[in-house]
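Let me begin by presenting the structure, written as structure tokens, before commenting on it.
What follows draws every value from the coordinates through simple rules; no lab data is involved. Quick caveat, the model's predicted, so the values are computed rather than measured. Neighbour counts are summed over all protein chains in view; Cβ atoms, including those assigned to glycine, are modelled from backbone coordinates with ideal geometry.
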Amino acid sequence: MSSHAASAPAVLTADSHATAANKALLVGVAGIVVTLIGLFFSSGHVIAFSWLVGVSYWTALAIGMLLMVMIHHIFDASWSVVVRRQWEHGISAFIPLAVLFAPLVVLAWLPSTRDIVWPWMNPAHELHGHGTVGSDVLYIKKSGFLNRNMFTGMTLAFFAVWIWLSARLRKASFTQDTDGDIRWTRMNRVTSALGIPLTALALTFAAIYWIKSLEYHWFSTMYGVWFFANCIRGALCSTVLIMVWLYRRGDYNGVLNTNHFHSIGQLMLAFTIFWAYVTFSQYFLIWNANVPEETFWYNIREINADGSPNQWKYVGIIIILFGHFVVPFLYLLSYRNKIVQPRIRFIACWVLCVIFFDLCYNILPALKDDLGNAEPLFGINLLWTISAVVGVGGICVWSYLRSLPKEKLIPIRDPRIEESLTHHEQHAH
């Protein structure tokens, strides 16, 4: 073990983190309360959609962290060993997320609220100008997939897969800190080999069931990959914030060096390009084919029924296109922007904000007014969406902070810990 490892803090103090965890829990509860207060000012549909945005946002970040852990093991990576422990703490949020998603499933089973989010849950739901869901030929063709029993069972299966994989990966990693047995590393590689395809399938079907089926007439073969791209980007950006926070506190002194930040910055750049490729491919194929059954999804995000542009057009162009791709792409081309902590922290916060707007862009336009126009983003309804994200986020941060002080700061007996601590052994000045 090198001097780096010897100087690294082995266990974080519990008291300060218990206080921080309690504060995060209070923030989470406050956000949830504010969202519920929204019921007095907006419809139940609006609040339910806002809650879906909040849960989907943080579930995406947790899925991204789970995938990063498994990708780390599959590639037998060395640089990410010291960062992996933070992902392992982050994926402890899947159990709270399952509980927080449960109200949406319960509402779908209540007669008066069964279509409060997903219209196809209620065959008697009136489609604007198209009769009812039950008489819609497109729904009839998809009803074997889009029904309450399948939705409920699949949602339970999604969270069961994520929780099971997280528990196995966490247990093996944490136990290795105690006994140093190499078999735990092998176990995590086997778990990851099985877990990556399982998680890929789960996140794809989750994106389809939870988000794409809000407008079930629409078709897209890229949707699961779009969601995957946001999962990974969100996880990488969250990791940057955690790395900078722990480094500034002194916990990561002697552990992280410039190259750890550069490596994660390179991944951020790579997935920025990947997201752009996926999103452009989806838009271009639909635009080029010009099939009404597909183009309507973009039309309602650009124009109203009378042909005038709506708010979502500018959200798509300014926030999504420039915010999601142009700004981070150009920014992350710079070496120094990837290694100087305030700079990489800035772009991490930027991308996390844009991912929020991206989810809003995919979810909220399914809310329509009497003319069939998508409800605008900017207004009082945005407040409930933000409070939902804050509420769910507070609970997830609470889960992370509860897990953080219980284990070693880094996997001290991982076979590649030495390589990770001396990652390139270069420091920028």
- [ ] Work out the charge dipole of the chain with +1 on the Cβ of Lys and Arg and -1 on the Cβ of Asp and Glu about the Cα centre, then indicate which of F329, T152, P123 is farthest towards its positive end.
- [x] F329
Open item on the list: Using the basic label-point model (7 angstrom from Cα toward the beta carbon), what is the C353 to L110 distance in nanometres?
Closed with: 3.6
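Eigenvalues of the Cα gyration tensor times 5, then square-rooted: what semi-axes does that give for the stretch 299-341, in whole angstrom, largest first?
Values: eigenvalues 230, 9, 5 Å².
Result for the stretch 299-341: semi-axes of 34, 7, 5 Å.
Please report Rg over Rh for the stretch 194-283, where both radii come from the alpha carbon positions and Rh follows the Kirkwood definition. Write down the numbers at each step before the final one.
Details: Rg = 16.7 Å, Rh = 15.1 Å.
Answer for the stretch 194-283: 1.11.
Can you pull out the chymotrypsin sites (Phe, Trp or Tyr not before Pro) in the stretch 87-194 whose DSSP state is coil and whose Cβ has at most 10 other Cβ atoms within 10 Å? Write down the numbers at each step before the final one.
Working: sites: W87, F94, F101, W109, W120, Y139, F145, F151, F158, F159, W162, W164, F174, W184; in loops: F145.
Here no chymotrypsin sites (Phe, Trp or Tyr not before Pro) fit, given the DSSP loop and packing criteria.
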Open item on the list: What distance in nm separates the two pseudo spin-label positions at Y247 and F219, each 7 Å out from Cα along the beta-carbon direction?
Closed with: 4.8
Task: Descending Cα extents along the principal axes, the stretch 15-138, whole Å - done: 58, 37, 20
TODO: Could you tell me the distance between the Cα centroids of the stretch 126-196 and the stretch 244-271, to the nearest Å?
DONE: 30
Task: Two-site label geometry, Y314 and V190: point separation in nm, points 7 Å out along Cα→Cβ - done: 5.8
Task: Cα-centred dipole magnitude for the stretch 3-421, charges only on beta-carbon of K, R (+1) and D, E (-1), debye, nearest 20 - done: 1100
Open item on the list: Restricting to DSSP H runs of at least four residues, report the calculated mean residue ellipticity at 222 nm for the chain, -39500 (n - 2.57) per run over all residues, nearest 500 deg cm²/dmol.
Closed with: -22500 deg cm²/dmol
TODO: Over the Cα atoms of the stretch 131-234, compute the convex hull volume and normalise it per residue, giving Å³.
DONE: 109
Task: Modelled label reach - V137, point 7 Å along Cα→Cβ, the stretch 293-311 residues with backbone N closer than 15 Å - done: 293
Task: GNM result for the chain, Cα springs below 10 Å: residue of L382, L110, L198 fluctuating most strongly - done: L110
Open item on the list: If I fit a long axis through the Cα atoms of helix 148-179 and take the longest principal axis of the Cα atoms of the chain, what angle between them do I get, 0 to 90°, rounded to 10?
Closed with: 0
Open item on the list: Just to confirm the number: angle between the C-alpha axis of helix 258-289 and the first principal axis of the chain, 0 to 90 degrees, nearest 10?
Closed with: 20
- [ ] List the chymotrypsin sites (Phe, Trp or Tyr not before Pro) within the stretch 339-429 that fall in a DSSP loop (any state other than H, G, I, E or B) and whose Cβ has at most 11 other Cβ atoms within 10 Å.
- [x] F378
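Extension gain E126-F284, at 0.36 nm per residue separation less the Cα-Cα distance, in nm?
Length difference between fully extended and current span is 53.8 nm.
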- [ ] Would you please state the base-10 log of I(q)/I(0) at q = 0.12, 0.20 1/Å for the stretch 189-345, with intensities from the Debye formula using one equal scatterer on every alpha carbon?
- [x] -0.68, -1.28
Open item on the list: Counting other C-beta atoms within 10 Å, and keeping those with at most 15, which DSSP coil chymotrypsin sites (Phe, Trp or Tyr not before Pro) do you find in the stretch 36-85?
Closed with: F41, F75
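When the Kirkwood hydrodynamic radius is evaluated over all pairs of different C-alpha atoms of the stretch 100-157, what value in angstrom, to one decimal, is obtained? The partial results should precede the final answer.
Details: mean 1/r = 0.0846 Å⁻¹.
Every distinct Cα pair counted, the radius reaches 11.8 Å.
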Open item on the list: Greater than 20 Å separation of Cα atoms is the criterion. Which listed pairs, K23/K406; K142/K212; K23/K408, meet it?
Closed with: K23/K408
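Where Rh is the Kirkwood radius over the Cα pairs of the stretch 3-421, the temperature 4 °C and the viscosity 1.567 mPa s, what D in µm²/s does Stokes-Einstein return?
Numbers: Rh = 22.4 Å.
Estimated via Stokes-Einstein, D reaches 58 µm²/s.
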